[in-house]
1. For GLN345, only one of the following conditions fails: (1) crowded, with 18+ Cβ neighbours inside 10 Å; (2) farther than 25 Å from ALA254 by Cβ. What is its number?
2. Please give the number of the condition THR93 fails out of (1) at pLDDT 95 or above; (2) touching a Phe, Trp or Tyr at 6+ places or on another chain (Cβ under 9 Å); (3) hydroxyl-bearing (Ser, Thr, Tyr).
3. Looking at segment 410-434, which of its residues are within 14 Å of ILE339 (Cα to Cα) and either at pLDDT below 95 or surrounded by fewer than 19 Cβ atoms within 10 Å (Cβ to Cβ) (or both)?
4. Consider ALA288 against the criteria (1) out of contact with any Pro (no Cβ under 9 Å at 6 or more places or on another chain); (2) more than 28 Å from LYS365 (Cβ to Cβ); (3) not in a loop (DSSP other than H, G, I, E, B): it satisfies all of them except one. Which criterion is unmet?
5. Name the residue that is surrounded by the fewest Cβ atoms within 10 Å (Cβ to Cβ), counting only residues in segment 237-293 that are modelled with pLDDT under 95 and among the acidic types (Asp, Glu).
6. Of the conditions (1) of a type in the set (Lys, Arg); (2) surrounded by fewer than 16 Cβ atoms within 10 Å (Cβ to Cβ); (3) touching a Pro at 6+ places or on another chain (Cβ under 9 Å), ARG318 clears all except one; give me its number.
7. Tally the residues that are at pLDDT below 95, in a loop (DSSP other than H, G, I, E, B) and either polar (S, T, N, Q) or over 27 Å from ASN300 (Cβ atoms) (or both), restricting the search to segment 339-393.
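The values are calculated or read from the model by the stated rules, or taken from the named source; none is laboratory data. Note that the structure is predicted; figures quoted are calculated from it, not measured. Heads up, the Cβs are rebuilt from the backbone with ideal geometry, glycines too, and the neighbour counts pull from every protein chain shown.
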Amino acid sequence: MTFRVKSAVRRAGRPMTLLAGVALAATVVAAPASAAPAPPPQPSRHHFSAAAQSFVGATTVRERVARLNAAMAKLPKESGAYNATKLWNQGITGAGSTVATLVSFGDDKVKQVLDEYSRQHGLPPANVEVLQPSGAVPACTDPGVDTAACQSWGGETDLDVTMMHAMAPGAKIVVAATPVAETQGFAGLPEMMHAVDYLTEHRIADVVSMSFGTTEENFPSFESIKTLDPALERASKAGVTLVASSGDDGPTGAYLQGPGRYPYRVASWPASDPNVTALGGTQLHLDANGVRTQPDDLVNAADNGFSEGAGLSKAYARPSWQNHVKKITGSTMRAYPDISMEGVQGTSQSAPLFAGVLALAVQAKHGRLGQINPALYSKLGPKGTAAGIVDVTKGDNSQFDVEGFKAGPGYDIASGWGTIDASVFVPALVKAVR
């Protein structure tokens, strides 16, 4: 089976339209001029977090906000726990920056949901724009649409934008929604890469967050994965920073079809892609006032069937910026994650949180950051707390009877460089990427 992903992106010739009944900015619908042939239908294998799945059946704004509050009870305190509020007090709120989340289907009520959540938690109203750059998105109840999967993607959308807004309340947020569900293998990914190209060509987003992933073994070959790279490379060259979840299957991953996980270590794409900064999942331990009661550790909720993803790619060789840690990884291949944040609801939580932190840095720099991994590995990580890097030394990500990786002092495969203190990390990052 051969897939070919072309790179041409043409400007949409269609007028901008508004999603009916929703007070959003203009919604652009652009047909993908060069999308690859649609893959054959297959059962949905996207690994939704319990938080995203909790949105199934929640069709009103009130119901969706209730799901947000239930799933993200700690979120209002996290901006303080990561010291983002110190930056807010200095006027660094993400103003002037734009961060995008790349999702299937999206949620046509997303701004209403986020504004109501913000009202309840003392955040300002959000500046949200919904785009459909790869074609018109169907309704979750349309024929042929997996309603539960579609509504879970709606939940993922609401969760992503809420976490971005909670970290960078002044940033503009773009939802880039695609009409084909991302499952496993190539399914849905050509449309998503077309959306990345659209965001790049039209200079829409400074940061793009991707809360999805598929096992490298689920592609026809490891080399075939790289046919998806051109869009990411073009985005990176244009100064866009790309972040992705490291996965929720520990050191393994889901099969292309059928139940179960691989009985050995595998890697998740796009987290394994060197164009991307991969986010692992840690756990904050906070008291009622949002103060840490103990150091963060790795997320490993084995009883709930997930732990944070970490591992070594079989498709991508070790990038030069990881030569600084080659003695630690002991591998010639790309190791991930690169950094970690709160991920008790899955690493689809940590990626948008970090994207929000990067939005703060975009404002502080007065411009885009570009690829941050070289700076992270050569200038920031080795400096530790002086650069806002907070070490994570406890936990491992073993799961499904597959031995994982352990956190330890300094850089490790399990947590990357650890987590962050945004008040120190943001100015250090701005200085490192100038």
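1. Of the numbered conditions (1) crowded, with 18+ Cβ neighbours inside 10 Å; (2) farther than 25 Å from ALA254 by Cβ, the odd one out for GLN345 is (2).
2. (2)
3. Hits for segment 410-434 are GLY410, ASP421.
4. (3)
5. Among residues in segment 237-293 that are modelled with pLDDT under 95 and among the acidic types (Asp, Glu), the one surrounded by the fewest Cβ atoms within 10 Å (Cβ to Cβ) is ASP287.
6. (2)
7. Of the residues in that region, 1 qualify.
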